[in-house]
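As structure tokens, the structure follows; a few thoughts come after it.
The values are calculated or read from the model by the stated rules, or taken from the named source; none is laboratory data. What you see is a predicted model, and the numbers here were worked out from it, not measured in a lab. Cβ coordinates were reconstructed from backbone atoms using ideal geometry, including for glycine residues, and neighbour counts include every protein chain displayed.
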């Protein structure tokens, strides 16, 4: 008898069907072997890594009980496919009703680490809290502002009847801040929110100081809560992302554009600090840094990330920062980071060991049971023994998936590497990459790559990524110039490893230009690709400087990319600057349409997943196939001298 027969709560379904009733069940229960973010839902064996789960939970509780609310770091170390992100998914699922879960994928631009972190925080904060009608940001602000207002009212000697009513209402449920402050009476609602804004800003100044931009950010968050009009809330959302507002939008909100004076990095740091300070009135934040293994491919980015993390520990209170890493990668990073960075990140350590064969089987049983299937009916004892004989949970799930396809759809098992020798060659490639990254002077030859079978596998992976990118296309709230430029740099460094290639931004003194990547091939061809998704005066001034660069470098090709989802540029001077670039012999303006964006994101995802060893594939082999499959794509052609 399976252990789940006596504990049905561990998996959702207990009525087991016959194995091959195709009309009743068509989805491969083992087909998903990865967790992409902690907000996803996958079958979960609660007993697996239960001690590590309790350790993480205890750290959050310790921060909450600390009168100083000091932030703490923890390295969550485990080999590829060991279940690090899956454990975070379980952790998030239990903690998200009280704590805010912020998921930060690998940064990609050395000059925009803080903004990358902030942008990913905003993406996480708009995730809906399961079982509710509210997002994480709405919960954070409701609890924080309600707590502040209740305390402020109770300090008054003679609060008015309105104030006492507000105290009672918010004490009953802090979510009443959205649904009970005046009801349908617009004037009462406005009056109540003016009181909340006044008292909260006074509290902020008295508690955290009047300097910096913190008060303006707090005010924007209050406006975001108070506005019922979707259009006005969208204006505030744009301001909070660092986007420039039009004169009309500024007049309607009473705000000022601050990013040009502070810079995006400065604005991001201040906004992150505000979120951390507000969380003291709520519960500790949980910030998860994932997919960090690929940082090794850009040492400048790695070092800047370490310095940024040190600043985050200084600026953000009340936060548990979790760093998901391979054990050997953390040891390598620790040798590069400043000791103060290492000390903060590895203040605590949690290790995930390889599960036993019985635990691997429990994972399979849970997946099968969730699909109302019986594992022992699906596979023979001999097949199960082969399936669970994997080095990681991911490998075991992939093995089960292959056998499932064989049984259900008569799809042959994938051919393993043709021999033990081939398997060793893949390991040698990976070992060479690891050693050369650390020592940078090893050189030994590796037999030529055999393309057989790889093209089909990579094509299938890109199809899967494209499907995901298509689904997310309309939901993306923040399109960042720096993020796109960073992604392009990551891809070009990977794709151009076999060629003599220089990659970096082109600058114009201290003048602001579009975030850009300059590519110079071994034969001397130079292309500058700029991204300009912003609008307003910042768009015009940056494009004007970009045009001046193009005029002063007549033998360099300049292309400017703007996402088609952004507002159309209509200002007279801006349109003139666009035409100025278009009419040059060495310039072009490109609208990044849906197909262009989907392929761009798919290639980035494939490359970074290989770098982070989420996919068991040699990067150099994959690059050869990518270049062949998409040889006409503009990104690939950047590496060619005839582009």
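Considering every residue within segment 343-351, establish whether at least one is in a loop (DSSP other than H, G, I, E, B), touching a strand residue (DSSP E or B) at 6+ places or on another chain (Cβ under 9 Å) and modelled with pLDDT under 90.
no
Just one of (1) in contact with a helix residue (DSSP H, G or I) (Cβ under 9 Å, 6 or more places away or on another chain); (2) surrounded by fewer than 16 Cβ atoms within 10 Å (Cβ to Cβ) fails for residue 339. It is (1). Is it the case that residue 243 is over 22 Å from the mean Cα position of the chain (by Cα), in contact (Cβ under 8 Å) with a residue 12 or more places away in the chain and either under 23 Å from residue 475 (Cβ atoms) or part of a helix (DSSP H, G or I) (or both)? Considered against the rule, which asks whether it is over 22 Å from the mean Cα position of the chain (by Cα), in contact (Cβ under 8 Å) with a residue 12 or more places away in the chain and either under 23 Å from residue 475 (Cβ atoms) or part of a helix (DSSP H, G or I) (or both), residue 243 comes out as no. Here are the criteria: (1) surrounded by fewer than 17 Cβ atoms within 10 Å (Cβ to Cβ); (2) over 24 Å from the mean Cα position of the chain (by Cα). Tell me which single one residue 593 does not satisfy. Only one criterion in (1) surrounded by fewer than 17 Cβ atoms within 10 Å (Cβ to Cβ); (2) over 24 Å from the mean Cα position of the chain (by Cα) is unmet by residue 593, namely (2).
Of all residues in segment 223-243, none satisfies the criterion of being within 30 Å of residue 311 (Cβ to Cβ) and at pLDDT below 85.
Please specify each residue of segment 389-410 satisfying the condition of being assigned to a loop (DSSP other than H, G, I, E, B) and closer than 20 Å to residue 352 by Cβ.
389, 390, 391, 392
Checking the conditions here, which among 513, 519 is in contact with a strand residue (DSSP E or B) (Cβ under 6 Å, 6 or more places away or on another chain) and crowded, with 17+ Cβ neighbours inside 10 Å? One residue alone meets the criteria, 519. Scanning segment 85-95 for residues that are touching a helix residue (DSSP H, G or I) at 6+ places or on another chain (Cβ under 9 Å) and either in a strand (DSSP E or B) or crowded, with 21+ Cβ neighbours inside 10 Å (or both) returns 86, 87, 88, 90, 91. Could you please give the count of residues in segment 246-295 that are touching a strand residue (DSSP E or B) at 6+ places or on another chain (Cβ under 9 Å) and part of a helix (DSSP H, G or I)? Number of matching residues: 4.
Scanning segment 39-75 for residues that are within 24 Å of residue 273 (Cβ to Cβ), out of contact with any helix residue (DSSP H, G or I) (no Cβ under 6 Å at 6 or more places or on another chain) and in a loop (DSSP other than H, G, I, E, B) yields 66, 67, 68, 69, 70. Of the helices (runs of 4 or more DSSP H) contained entirely in segment 565-643, those carrying at least 1 residues that are free of Cβ contacts under 8 Å to residues at least 12 places away in the same chain fall at 572-582, 594-611, 634-637. In the condition set (1) surrounded by 15 or more Cβ atoms within 10 Å (Cβ to Cβ); (2) outside any loop (DSSP other than H, G, I, E, B); (3) touching a strand residue (DSSP E or B) at 6+ places or on another chain (Cβ under 9 Å), residue 502 is compliant with all but (1).
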